[in-house]
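Here is the structure we will look at, set down as structure tokens.
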């Protein structure tokens, strides 16, 4: 572990010390900040695992990290503070608040029947063709009023927050009509407002073809995509969209159809991301990289040529081990190629009712290690620093001066414990924007 005396710190004087609204003392930090030596790729021999700092203290002002330094530097000033303004970490570990960067958390209904069907041999495609899958959840979500939809989704959000999640992405995509897509995005915004958590909302109307557009006589998917493109500026003007997503797959929409949606997003200056290469490779990751997309997600069938394009565009690879586990997939994402080309890897729950009914980011991290052979440092970076990049949040996912004071305090011996343990939640406290909750 790196001693903070050998790291980048700020000087401290009486004036700056008295300006802090809160201080945290006696902490070990997993900063995930390049300022403190964090560099995940194996070819960087001078990196410090997790960007670790020991015997550290943090000063917080206006919801931001204002100072990081030695415990000894701040000790002389503590008498000026009320006990409520000081948190003694007692040698426990602080990480950035966790970030769940790919979820479908807002939905209504239940699909445990499909879970049973898969155990009796039905495939994902079989279920979709029989009216199940995404379309089943669409029906339930359309029928639920906003209050009911909020109540069902709230339980899932609270489960994630109890494990240190301070930022989350929530997608639409179970409406597939203007009214229900709007309802889902409004619920997502209201969840963030009620629970003091950052919610990034993603427009995913290009998720599946709604039943009213299905016909045995003709392909009406182009007609539906035109509607998706028409609804996008309307909902953006209502302040409901932070990014645009789509499902580009052989059972969903083609690269050309998704490109039309991305063109509208580009005109509105909205970032894009994509469900890509989960079941096949039809060039989806190359497409999202062409648009300098935030992330490409799933990626079991990703090619090395497309990885090179993601590396050049800075597109994050978001891996979703919960879906891999639930679907009993056997095709692993190309982890070594992603490492080779230094593509940032994020980990998320993919919380959804059909293929990843998962509301534990800690368990997703463990799955990332056991199923995908990632290291504990990689998955924790994937749930903090790299998850923030997958959402375009440059002030979150790291502990450094100027970053948001979104923090999680853990009763653990070392950072690897967060990926190692299963079923034990070691959270001691979660801070959002400088306030413990």
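Annotations for the structure displayed:
- Reported count of residues in the stretch 208-237, each being assigned to a loop (DSSP other than H, G, I, E, B) and in contact with a strand residue (DSSP E or B) (Cβ under 9 Å, 6 or more places away or on another chain), is 2.
- Residue in the stretch 317-330 that is touching a helix residue (DSSP H, G or I) at 6+ places or on another chain (Cβ under 9 Å) and within 16 Å of residue 272 (Cβ to Cβ) present: yes
- Residues in the stretch 378-402 that are farther than 21 Å from residue 171 by Cα and surrounded by fewer than 21 Cβ atoms within 10 Å (Cβ to Cβ): 395, 400, 401, 402.
- Residue in the stretch 95-117 that is assigned by TED's automatic domain parsing to the domain that holds residue 317 and closer than 18 Å to residue 213 by Cα present: no
- Of the helices (runs of 4 or more DSSP H) lying entirely inside the stretch 339-437, the ones with 2 or more residues being touching a helix residue (DSSP H, G or I) at 6+ places or on another chain (Cβ under 7 Å) and in the same structural domain as residue 195 (by TED's automatic domain parsing) are found at 361-372, 376-382.
- Check on residue 279, within 25 Å of residue 394 (Cα to Cα), in contact (Cβ under 8 Å) with a residue 24 or more places away in the chain, assigned by TED's automatic domain parsing to the domain that holds residue 385 and part of a loop (DSSP other than H, G, I, E, B): no
- Filtering 243, 289 for residues that are under 22 Å from residue 180 (Cβ atoms), crowded, with 21+ Cβ neighbours inside 10 Å and under 20 Å from the mean Cα position of the chain (by Cα) leaves a single hit, 243.
- Some residue of the stretch 90-103 being assigned to a helix (DSSP H, G or I) and surrounded by fewer than 24 Cβ atoms within 10 Å (Cβ to Cβ): no
- Filtered residues of the stretch 152-183 (kept if in a loop (DSSP other than H, G, I, E, B) and touching a strand residue (DSSP E or B) at 6+ places or on another chain (Cβ under 8 Å)): 162, 163, 164, 172, 173, 175, 176
- Members of the stretch 304-338 found to be crowded, with 16+ Cβ neighbours inside 10 Å, assigned to a loop (DSSP other than H, G, I, E, B) and without any contact (Cβ under 8 Å) to a residue 40 or more places away in the chain, listed by number: 315, 329, 333, 334
- Being within 24 Å of residue 347 (Cβ to Cβ), in the same structural domain as residue 341 (by TED's automatic domain parsing) and assigned to a helix (DSSP H, G or I) is not true of residue 296.
- Residues of the stretch 187-197 that turn out to be buried (at least 20 other Cβ atoms within 10 Å of the Cβ) and in contact with a helix residue (DSSP H, G or I) (Cβ under 7 Å, 6 or more places away or on another chain), as a count: 3
The values are calculated or read from the model by the stated rules, or taken from the named source; none is laboratory data. Given the structure is predicted, the values throughout are model-derived calculations rather than measurements. Cβ coordinates were reconstructed from backbone atoms using ideal geometry, including for glycine residues, and neighbour counts include every protein chain displayed.
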